[in-house]
Structures are given as C-alpha cells and as structure tokens.
Amino acid sequence: MHRIKSFVILLAAVLLAGCNGIECPFTGTFDQVLIYYGMGYNNLSYNLETNLDQLRTDVLPGLSNNRAIAVFCHTTAGGYKTPNPPVLMRFYRGSDGKPVTDTLKVYENMDLSASKESIRQVLQDVKELFPSRRYGMLVSSHGTGWLPPAYNYNSETSRASRRKALAQPATPWPATKAIGNQYVGSATNVTWVPLQDFAEAFPLHLDYLILDTCLSGAVEVAYELKDVCDRFVISPAEILTAGMVYTTLSWDMFAAGDPDLRTYCEEYFKYYDSQSGNHRAGTITLVESAGLDALAGAFGAIVDAHRAALQQPSVRESTQRYFYNSSPLRFFYDLRDFCVQLGATPAELDRLDAALAAAVPYHAETPMFFDLPLEHCCGLSVYIPEAGRPQLNDYYKTLAWNRAVGLVE
C-alpha cells in the first residue's frame, strides 16, 4: 500500500512539473478558437490597443480549456515611418485568475498586414497552432464599405454635388473608422485589402466573422464572403472609433455551446443607444449566409420587374441612406427601402421580407447617426448605380452579388 501511495504522489509531482506547476495546456483538437485580426498601423492604433485591454478584462479561457483566443495585432510605434513588426499572441486566464498575454510569433518581415498574403499567413499559423473544430474571427480596422482600393470618390462627383457637400455645416462629428486600413509612410498614403482578395485569403472556414469596420453591412460584402463563413456581424453605417464591444466578446462566444452572436449584437446596440448626443450613433446587423441566395432571388426579381424606375433620380434620392450629410462616402442605401422606392408590389415585398427574415435574423439602429435619421432600415445596404459613376458601376458589376441580381448592367 505504501508503494502504491508513493507512486501516486510521484506521478502527480511529475505531471505538475510537466505543466510548470500550474495547469496542463490543452492538447488535441480545440472546440472553438476566436481569432482577432487588428490592422492598426494607422490612426486607430490607440483604439485597437484599448480594445485589446478591454478584451483582457473578459472571462478568458484557461490554458487547459478546449477554447482559445489568438490575437494578431499590428500597431504603430512612434509614427507611420517607424517599422513595428506585427505579433501573434494568445490571451488566456492564468491559474491565479490574472490575464496572460503569450507572444507566439513576431512577424519581423511583414511590413504590410493589410494584404491577402499576410492574412493568409497568419490564419495558416493559427490553424497549425490551434487545430479546431470551429473558428470565428473579428477583423478590426478602418473601412469604406469595400469600395475599390484607391477609388477617388470626388473624381466622379458632379460640380453641383461637390458644391452641395461643401455647403454642409462643418459639424465636429465624433471620429469614426471611416477611411483606409494601413498607412504607408504617412496618413495620406493609404492601402486597402480589396474585397475579392479578402475573400480569397482564408485557408479555413469560419463559423462567424465580425467586421469591426465602417460601412461593412453592404449586401455586396456579405454575398462576396458568404462561402467564407456561416454568419456575419456587420454595420451598414459607420462605427465610432470605440469600436465593437470587447468586454463581453469572449463570454458571448464561449460561454454557451455555440457562439451567441445575437446577444453580442444586442450588447453593441445597447451600448451605443445608451450614449448621449452625437455619440448615440450605431447600426448592427446579424446575417445568416444560408439565407443570402434566397434574398438575391427576391431582390433580383424586383429589379427585373421595375428596371425602368432605375433611371429616375428620385428613387435614389428618396431611399433611406446610411451616410450622413457631410460624408464623402455616399454610396450606401437601404436594400428594402430601395425596393419600395422602385415600386415593388405587395406580393414582391412579401417575398423579399420572408428572405430578409431568414438572412437577417437581427438588426438594430439608433434613431439617428449624427444628422442622419435611421427610419426605414432592413439591416443591409446596397449600391444603387449612378450614370455619372462609370468607374464605380464597373467595379460593382464584377461582384458576385451583381452577377446574381443583375442590378448594374
């Protein structure tokens, strides 16, 4: 009996020594891995670091848990000309209850994190370090609704429109995540990840994708990425620089058997709806990829039946928009209200509403976004072709959504 007891004590000591006396790291296939990809080599650097500090306060999984958080972050260090290598880290809760940041890899030769190649490399590293049944991802950076990179939105604007925009009062609106992804050398030299490049960057399938970027709630974006992931959390309007909610991110994704994206969206809306003044500004949408093909069918039928109305400027002018008066990014309109303004019949709208209910199980909007009333919103924006924007029309014509619905001819 004494020998058996001695063996048990020795075995326990060996196991503890092998796990540094704390806890044994999980080995095998993880159940869930949350990936954070932060492109903050721009004027959002401080905001991204704040968000990560907020994430560290959440209920983080321990080392022995079969769920993990992998964090890739690229921020500045003393200006936009000073190299600062991106890092891949793991956030977890130590046995003493304190958050731990474990640096897994420093990307010494990665100058540009806002690229298809970099995203693919990082995700491949995460896949190898954390083999998992399910992956979810949050991308944080600037965003312009994935307009074509380097598109000069003033180059195709009429003089009358420019004069009208300049006549808007210079209201000091709260800062948003409005332009660009990475600054190269200066704040005037900005590079983006093209939408189609982003869609091709994934070496793994995602359970969900949260886009903490402005104007990402466009149906064109969701449709381009629908084969990448099963669900989206996106915003059809801009996002204030405070960003998404990070203090409950880990809890909402890991506490239940499945990631609770609806609760996460509700928390986002509750946070921004509780703010005062111009900071009470936010839109949030949950999208199910499986419903997007039916939505394309319903929308495309309305476009085909009412194509003549597309030539009427009043249709675009009357449709609910997702840009405020002084915004230069004036290309994002409510998908359902556009169909209403086109003259869709009750039967056509019934079909559209059924498709929207399946594709968009939740959306919410504050009453205003700065000086923009949000009154007729379905949670998804859409681009409406304009005769005076041939470059932009040609771009939208190449996207999968347009190939499905034929809106831009």
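The values are calculated or read from the model by the stated rules, or taken from the named source; none is laboratory data. The shown structure was predicted, so the numbers you read here are calculated from the model rather than taken from an experiment. Note: ideal-geometry Cβ built from the backbone for every residue, glycine included; neighbour counts use all protein chains shown. The protein model used for the area step is the full one, side chains on, heavy atoms only, and it has no ligands, DNA or RNA in it. Shrake-Rupley method; radii C 1.70, N 1.55, O 1.52, S 1.80 Å.
Key figures
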| read-out | value |
| --- | --- |
| Some residue of segment 388-395 being farther than 22 Å from Gly297 by Cβ and without any contact (Cβ under 8 Å) to a residue 40 or more places away in the chain | yes |
| Tally of residues being outside any loop (DSSP other than H, G, I, E, B) and touching a Gly at 6+ places or on another chain (Cβ under 8 Å) across segment 204-228 | 9 |
| Per-region count, segment 173-188, residues in a loop (DSSP other than H, G, I, E, B), touching a residue at least 24 places away in the same chain (Cβ under 8 Å), within 27 Å of Thr82 (Cα to Cα) and not charged (D, E, K, R) | 9 |
| Segment 112-137, subset at pLDDT below 95 and either among the small types (Gly, Ala, Ser) or surrounded by fewer than 16 Cβ atoms within 10 Å (Cβ to Cβ) (or both), residue nearest to Ala68 (Cα to Cα) | Ser113 |
| Residues of segment 241-256 satisfying the condition of being open to solvent by 10 Å² or more (accessible area, probe 1.4 Å) and not in a helix (DSSP H, G or I) | Thr241, Ala242, Val245, Thr247, Thr248, Ala255, Ala256 |
| Met89, sole failed condition from (1) without any contact (Cβ under 8 Å) to a residue 40 or more places away in the chain; (2) part of a helix (DSSP H, G or I) | (2) |
| Complete set of residues in segment 56-81 that are crowded, with 16+ Cβ neighbours inside 10 Å and within 15 Å of Leu249 (Cα to Cα) | Arg56, Asp58, Leu60, Pro61, Arg67, Ala68, Ile69, Ala70, Val71 |
| Residue, nearest to His142 (Cα to Cα), within segment 320-341, restricted to residues that are open to solvent by 20 Å² or more (accessible area, probe 1.4 Å) and outside any loop (DSSP other than H, G, I, E, B) | Arg321 |
| Close pairs (9 angstrom Cβ cut-off, 6 or more residues apart or separate chains): among the β-branched types (Val, Ile, Thr) and in a loop (DSSP other than H, G, I, E, B) in segment 25-50, open to solvent by 10 Å² or more (accessible area, probe 1.4 Å) and modelled with pLDDT of 90 or more anywhere | Thr29/Asn66; Thr29/Pro131; Thr29/Ser132; Thr29/Arg133 |
| Only one of Ala344, Ala296, Ala355, Ala281 that is aliphatic (A, V, I, L, M), in contact with a strand residue (DSSP E or B) (Cβ under 6 Å, 6 or more places away or on another chain) and crowded, with 17+ Cβ neighbours inside 10 Å | Ala281 |
| Qualifying residue in segment 129-147 (condition: over 19 Å from the mean Cα position of the chain (by Cα) and closer than 28 Å to Phe331 by Cα) | no |
| Flag for Thr345 being under 24 Å from Asn154 (Cα atoms) and of a type in the set (Val, Ile, Thr) | no |
| Selection from segment 96-110 of residues that are surrounded by 15 or more Cβ atoms within 10 Å (Cβ to Cβ) and outside any strand (DSSP E or B) | Tyr107, Met110 |
| Flag for Pro236 being within 25 Å of Lys127 (Cβ to Cβ) and not in a helix (DSSP H, G or I) | no |
| Flag if Tyr264 is assigned to a helix (DSSP H, G or I), under 27 Å from Val126 (Cβ atoms), at pLDDT 95 or above and open to solvent by 10 Å² or more (accessible area, probe 1.4 Å) | no |
